[in-house]
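The values are calculated or read from the model by the stated rules, or taken from the named source; none is laboratory data. In this text the structure is predicted, and so the values were computed from the model without any measurement. Cβ sites come from the backbone with ideal geometry, for glycine too, and all protein chains shown count toward neighbours.
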Amino acid sequence: MTTLALTVNGRERQAPVAPRTSLADALRDACGLTGTHLGCEHGVCGACTILLDGQPARSCITFAVACAGAEITTIEGLDDDELAGELRAAFRRHHALQCGYCTPGMMISARDLALRQPFADERAIRIGLNGNLCRCTGYVGIVNAVKEVIAARRGRGVAAVPGAGRAALGPVGAHLTFDVSQESGVAGAKRSSPVEGAGEDVQVTMRPVDFTPTHEFERSLYVNDTPESVFAHFADVRTVAAAIPGLSLTAASADHAEGSFAVALGPITARLRGQAQISRDASRLAGRILAAGGDAASRSRARGAVDYRVRPSEAGAGAVIEIRVGYSLSGLLGQLGRPGLVEAVARRLIADFAANLERQLGRDGGSTPPAKTRLQLLETFGAIWREWAGRLAARFGRSRQ
């Protein structure tokens with residue numbers, strides 16, 4: 001369990017939560033704020049919407065431990081809010097609620113819209129509320145209520161607030177930073193300047209050491225050059241790093257590198273800051289990279305080992321780079337980074353790396369390897385099958401009507 005420190009509706013609160021506890025459950029169970037409703041619990045229906053540092057957020061898919069130090073406003077915290085009061089009155093006038101289950105999340109989203117929208121535009125309101133589902137009203141009353149409030153406020157000279165006062169770009173809560181060396185507790189949570197960006201003041205504390213990976217997978221890629229040329233190219237760490245999407249180096253030598261790597265797995269976007277140790281074996285045209293890093297905003301950690309070997313292509317032209325990746329994830333990335341998802345991201349990254357490497361080597365980036373891999377064939381047949389399955393479904397669907 002982790003002791004979570006939050007500011008909820010203007011009050012300092014502390015609550016013990018498990019790493020997998022959602023913010024919605026923490027608010028309802030630990031804080032007793034049951035106005036935040038749980039519907040789909042997949043971030044789709046919007047019933048659980050709250051304000052996280054002033055921005056609407058789905059609390060059912062937000063991990064509580066990622067919000068340490070944040071300011072949270074639930075529907076209970078808007079009792080004395082002037083704009084929320086105007087919306088409540090308009091909702092009553094336009095019969096914009098029936099069962100009321102969606103209303104707390106709908107009100108919070110509507111309040112954000114009323115702050116931001118310069119005009120009472122029905123289309124913009126419908127787009128802005130499309131993440132909040134209602135099974136009762138048909139939305140007409142809701143849209144008319146929000147439209148009325150926006151028009152009345154602009155008529156009184158209350159100007160729209162660009163971005164609803166948001167001071168930083170990026171995911172909700174991304175400007176919160178933590179020391180990635182902490183194993184438990186969140187008392188050290190602090191805010192960084194929106195200008196400086198999230199996590200830049202966090203010290204890199206993880207060291208790349210040998211480890212037993214939780215998951216492993218293998219890939220190979222074709223490069224239109226000789227194996228010796230490709231292996232020699234890998235000696236230039238900065239140049240090779242420039243070919244890897246999302247990787248940014250701050251320091252590099254023949255056997256060591258420091259920097260960050262941006263990765264997105266499902267709903268989580270993280271920038272892992274860390275270090276890597278690099279070793280090479282010229283006799284085997286092989287190498288090994290051990291890396292470790294942490295992301296402050298999502299409290300995630302990652303360790304990885306990349307073993308590679310460059311060999312001649314069986315077709316007699318070009319080189320094949322065989323890659324084995326082992327990794328271990330913890331924090332939010334560990335909870336959401338399923339092996340299949342990680343491999344799908346890696347497959348795309350390796351493909352982009354191969355294309356960039358071809359360009360660096362001065363070869364034809366559009367060249368095609370002599371033979372497709374089994375994975376490429378499966379992807380090709382999968383795409384063909386999806387296309388024909390869609391056509392058949394559309395055809396037989398029309399015939400039954």
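Against the numbered list (1) among the polar types (S, T, N, Q); (2) surrounded by fewer than 17 Cβ atoms within 10 Å (Cβ to Cβ); (3) touching a residue at least 40 places away in the same chain (Cβ under 8 Å), Q275 comes up short only at (2).
Tell me yes or no: at least one residue of the stretch 55-78 is among the aromatic types (F, W, Y) and part of a loop (DSSP other than H, G, I, E, B). No, that holds for no residue. Residues that are of a type in the set (G, A, S) and either modelled with pLDDT under 90 or in a loop (DSSP other than H, G, I, E, B) (or both) were ranked within the stretch 7-29; the one that is farthest from M107 (Cα to Cα) is A18. Residues in the stretch 275-303 that are at pLDDT below 90, touching a Phe, Trp or Tyr at 6+ places or on another chain (Cβ under 8 Å) and not in a loop (DSSP other than H, G, I, E, B): 3 in all. Residues that are free of Cβ contacts under 8 Å to residues at least 12 places away in the same chain and charged (D, E, K, R) were ranked within the stretch 1-51; the one that is surrounded by the most Cβ atoms within 10 Å (Cβ to Cβ) is R28.
Give all pairs with beta carbons closer than 9 Å in which a residue from the stretch 202-220 that is modelled with pLDDT of 85 or more meets a residue that is in a loop (DSSP other than H, G, I, E, B); count only pairs at least 6 apart in sequence or on separate chains. Once the first residue is modelled with pLDDT of 85 or more and sits in the stretch 202-220, its partners that are in a loop (DSSP other than H, G, I, E, B) give H215/G337; R219/T373; S220/T373.
Of everything in the stretch 309-319, what is assigned to a strand (DSSP E or B) and either surrounded by 20 or more Cβ atoms within 10 Å (Cβ to Cβ) or on the phi > 0 side of the Ramachandran plot (or both)? Give them in sequence order. Within the stretch 309-319, V310, A319 meet the criteria. Within the stretch 114-144, the residues that satisfy the criterion of being basic (K, R) and either buried (at least 20 other Cβ atoms within 10 Å of the Cβ) or in a helix (DSSP H, G or I) (or both) are R116, R123, R126. Pairs linking a residue in the stretch 128-157 that is assigned by TED's automatic domain parsing to the domain that holds E86 to a residue that is surrounded by 14 or more Cβ atoms within 10 Å (Cβ to Cβ) and of a type in the set (F, W, Y), with Cβ atoms under 6 Å and 6 or more positions apart or on different chains, are A145/F91.
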